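So the structure is just underneath, and the comments pick up after that.
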Amino acid sequence: MTTIEAVTEPRGGEATEAPPGGRLGTVTPVPPDTLEGRPPPGNGANGKGGNGGFGDGDFGGREGLPVPAGKIGLLLALGSMSIIFSALASAYIVRMGLGGWVSIPLMDMPLLWVNTGILGATSVALVVAWKRSKSGGELAARAPVLFALALGVAFLVGQWFAWGELQQAGLYVATTPASSFFYLITAFHGLHIFGGLVALGWVVRRLGTSTSPGSGVLAVELTGLYWHFLLVVWLGLFGLMLVT
Amino acid sequence: MATSHDHDHHEPQSFWTKWVFSQDHKIIGIQYFMTAALIGVWGMVMSWMMRLQLAYPGAFDFITITNYYQFMTQHGMIMVVYLLTAILLGGFGNYLIPLMIGARDMAFPFLNMLSYWTYALSVVVLLSGFFVPGGPTGAGWTLYPPQSILSPGTPGADAGIVIMLVSLVIFIVAATMGGLNYVTTVLQMRAKGMTLMRMPLTIWGIFLASVIALFAFPALFVGGVMLALDKVVMTSFFMPALPGIPGDLPYDGGSPILFQHLFWYFGHPEVYIVILPVFGMISDIMSAHARKPIFGYDMMVYAMAFIGVIGFAVWAHHMFASGMNPFFGFFFATTTLIIALPSAIKIYNWTLTLWKGNIHLTTPMLFCIGFLSTFLIGGLTGLFLGNVVVDLPLHETYFVVGHFHMVMGVAAIMGIFAGLYHWWPLVTGKLMNPFLGKVHFWLTFIGTYLVFFPMHHLGILGLPRRYFNFASLGFLPDSVDTLNVIITIGALVAGFAQLLVFINMGWSLVAGKTAERNPWKAASLEWQTPDVPAKHGNWGPTLPIVHRWAFTYSPAGHDEDFIPQTVPLVPVGGDGNGRRTGGNGADSGSSGSHGGVS
C-alpha cells in the first residue's frame, strides 16, 4: 500500500502525522512512518511487556486509554458480575412480595457477622499489600497477600459452617424461598470468592518471580479491586437479607 | 487477570497448538465460524421438519407432536444463541477486530482460546440433549416455567431442560470471556492513529454488541440457574402452587412472570447483540461496493449506541400478553417505538450511501441490499407489535413469526453472507465463484421472502403460532393451507440453496482463482497486512499507522478510487485532531469531489 502516494484530501480528514510542507494539490512522497520506513522495532523491554515477540511495547504504538488492558478487562468483568448480583437482588425483592415467604433469622447467626469481618479484613490486607508493593517492592507485598489468602479461605470455611448452622435449624435449600435465596446468593458469592482465591494464589506465585517489573504491583492492585468488589457485593446482599 | 504478559506467545509450531488449541485470533475466528455454521445447518434442518408437518400434516411418521415441539425449541435456541451470537461475535469479531484496528491479536489470547473451547463444550452439551431419555426440551426457546420443568409438561421436561440450562450457562461463560476480550481489545489495542471515530463501523457494531452481551447475559445466567434449582431441588423461585397436578409437588408461591422478566431482560438486548454487528458489516461492505463513503458516519455510531442503551429498557414488550400494569405497558411501548428513530436513521443513511453511488452488484452488495429490504420489512412490522393494543391480538399468531424472522433472522443471515463473501478472499486468499454466489443470493432472497412474507398475512387471518396442527380451527379459509404449502416449498428451496455457499467455499479452496491483494479495493485496514491472508502477528515487523477513516472512496483528484487508511494526508485545515472534518468528500457535490461517481 505504500506505493500509493499521499495526496491532499479536500474534505476527507486532517493529518496529524502528515509530513511538513505539504501543499494543497501537491503529491507528497510517503513519509518514513509507514510500514517499511519505520525505525527498527524495540525489544519489548520497556516494562510493559512485549507483543508476541514483535516488541511493539504496550502503549507507545497504540491508541487507547493510559490504563493496562488487564484493568479494563477486570472493570468490564466487574460490571458484568454486578448484573448477576443485581439480578439476584431484584429477584429476591420481587419474590419477597409473593406467596410462601418466611424470613430466616439471620440476626441470630453471629457467625455471619464474623465472616463479614473476615472479608473486610481481607480487603484491608490487600490494601496493605498494594501500598507495600508500591513503596517496598513486590516482595514486600508477599506477606499481606498470603495473609489475605488465609483470610479468604477462612471466609469460605465460615460460610460453609453458616450453611451447616442453617441446616441444623432445618432450613435447607428448598425449605422456604428465603432459604433458597440465601443458599443461592452465598453460593454465587462463594464461587466468585473461590475465583479470587485462585487469583491470589497466582499473585503469590508471581510476586518476585515475574520478569517484567511493575506487573506484580498491578497484579496486587487488580486482585485487590476484585476483592473490594466482592466485599461491597456481600455487604449489599447480606444487608438486604438481614433487613428483610 | 491476564495482562500484557499474555501477548508473549510466539508462533505455534505443532499441529495441536496451531490448528486446535490455537491462541491466534484468526484461527479462533474460523473455529467459531465453522462450529456455528454447522450447528446452524442442524437448526435449519429442524425448521424443515416443522414446515413439512405444517404443509402436509400427518404425512410423515417421523414428525410427532413431541418432536415437533422439540424441533421448534431447538431451532429457535440454536439459531439465536449458538449460531447468530456465536458466528457474529466469535466468528467475525475474532477474525476482524485485530485486523481492522491494527493489532497483532486480542488483548487476552489465552482467554480467547478458552472462550472458543467453552463454546464448543456448550454445543456438545446442547446436542447431547437429543440422546437423553425424553429428548431435548420442547418448551419453546423462552423455556417458560412452569411447563418447561413440570413432568408431565412440555417434551423433554426431565433431563432435556436441565441439559438445555447447563448448556446455556456454559455458553454464557464463553460469551463473557469473549466479550471481555473484544471490548478490551477495541479499547486498548488500536494502532496509532486509529481513533475511535476512525474505526470501521463493523468494529463499532461488534464492540457495542459485546458490551451489551456483557450486561445482558448475566440475567439469563441467574434465571437459568434458578430454573434449574426449581427443577432439580424443588425450590419455588418461579414455580407457583399447582393444585390439581398429580404428584405431591412442594412448589408454592413462585412467579413464572419473574422468570419471564429475567429471560427478556437478556432476550431483547440479545436481538441487538445479533443485529448491531450486522449493521456495522453492512455499512462497511455497502460503502466499499458502492465506492462511496458511508453517509453520516457519526450518526451511524450514535444510532447504534443509542439502540444499545435503550435496548435495555424495552424487554417487557415481549410480555404484553402476559399481562402487566397498564402504565408499564405504556412505558415499554413508548421505549420500543423510540427505537424506530435510530433504526430509521440507519436505513436512511444506507439508502443515501447507495444514492448516486457507483454501485457494483457484487455478491456482497446483493446481500447488503437484501438485508436492507428484509430489515426494513421486519422493522416496520415491529412498529405494529410495539403497540400494546395491536400486539395483543397478533401476539400468538404467525405475524410475530414473520416479523422476527425478517428483522433478526433473515436480515442477520443476509449480513453474515455479505460478510462471508466480502472477507472470504481476506481469510483464504481465494476468490469464490461470483455466478454461484449470485444464484445463492437470489434463491435465498426469494426463498426467504416466500417463507416469511406470507406469514404476516396468515397472522392477520388469525393463524396461531406454535400449533402442531390447524385442522380443528374452523375459522381459517382454505387459502391458509395453500399458503402453508407455498411457505414450506420456499423453506425447502431457501434451505437447499445454502448448499451452494458450501459448494462455493469448497470449490474456491480447491480450484478457486487466487485473489489479488485487495480484490474489492476496500479502504479499511484489514486488507493492508503485508501478507494476505495475514500471518501470525498480522503486521510483520511493525504495526501500521492509521491516517484517515475507513471510507475514503472516490476521492477527487486521485487516480485510484480509494485511499487505504494507512496512507498519510497532507494538512489542508480542519480541526487538527486527526479526524476528518465537515463533509466526507464524495458526497459533497459543491467541492466537486464526486470523482468516479456517476
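The values are calculated or read from the model by the stated rules, or taken from the named source; none is laboratory data. Everything quoted here is computed from the prediction, not taken from an experiment. Here Cβ is always computed from backbone atoms with ideal geometry, including for glycine, and neighbour counts include all displayed protein chains. Quick note on the areas: whole protein, heavy atoms, side chains included, nothing else; ligands and nucleic acids left out. Shrake-Rupley method; radii C 1.70, N 1.55, O 1.52, S 1.80 Å.
The figures follow:
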item	result
Peptide ranges B:103-114, B:433-444 listed from the most packed, as the mean C-beta count within 10 angstrom indicates	B:103-114, B:433-444
Efficiency of FRET between B:TRP19 and A:MET107 - r from beta-carbon atoms, R0 60 angstrom, step 0.05	0.55
Cubic angstrom per residue, convex hull over Cα atoms of segment B:262-389	94 Å³
Surface accessible to a 1.4 Å probe, A:SER103 within the full protein complex, Å²	60 Å²
Calculated Rg and Dmax of segment B:419-516 using C-alpha coordinates, Å	19.0, 62
Zero-based 10 Å bins, Cα pair distances in segment A:69-243, whole percents	10, 36, 30, 16, 7, 1
In Å, descending, principal axis extents of the Cα set of segment B:284-337	51, 18, 13
Square roots of 5 times each gyration tensor eigenvalue, C-alpha, the protein assembly as shown, largest first, Å	44, 39, 22
More than 42 Å apart - percent of Cα-Cα pairs taken over chain B	22 percent
Among the listed pairs B:LYS346/B:LYS513; B:LYS192/B:LYS438; B:LYS292/B:LYS430; B:LYS18/B:LYS438, those beyond 30 Å (Cα-Cα)	B:LYS346/B:LYS513; B:LYS192/B:LYS438; B:LYS18/B:LYS438
Mean Cα-pair separation over length for segment A:69-243, i.e. relative contact order, pairs under 8 Å, 6 or more apart, %	32 percent
Pairwise burial A:B, computed as accessible area of each alone minus the pair, summed, 1.4 Å, Å²	6800 Å²
Surface per residue (accessible, 1.4 Å probe) for the protein assembly as shown, Å²	37 Å²
J(HN,Hα) series, segment B:105-111, from Karplus relation 6.51 cos²θ - 1.76 cosθ + 1.60, nearest Hz, glycine and proline x	6, 6, 5, 10, x, 5, 4
Threshold 10 Å², segment B:254-302 residues less accessible with all protein chains present than alone (1.4 Å probe)	B:SER255, B:LEU258, B:LEU262, B:TYR265
Carbon and sulfur %, accessible surface of the protein assembly as shown computed with the full protein complex present, 1.4 Å	71 percent
Computed accessible area, B:TYR348, all protein chains, 1.4 angstrom probe, square angstrom	150 Å²
Neighbour-limited loop hits for GluC sites (Glu not before Pro), segment B:496-562 (at most 15 other Cβ within 10 Å; DSSP other than H, G, I, E, B)	B:GLU516
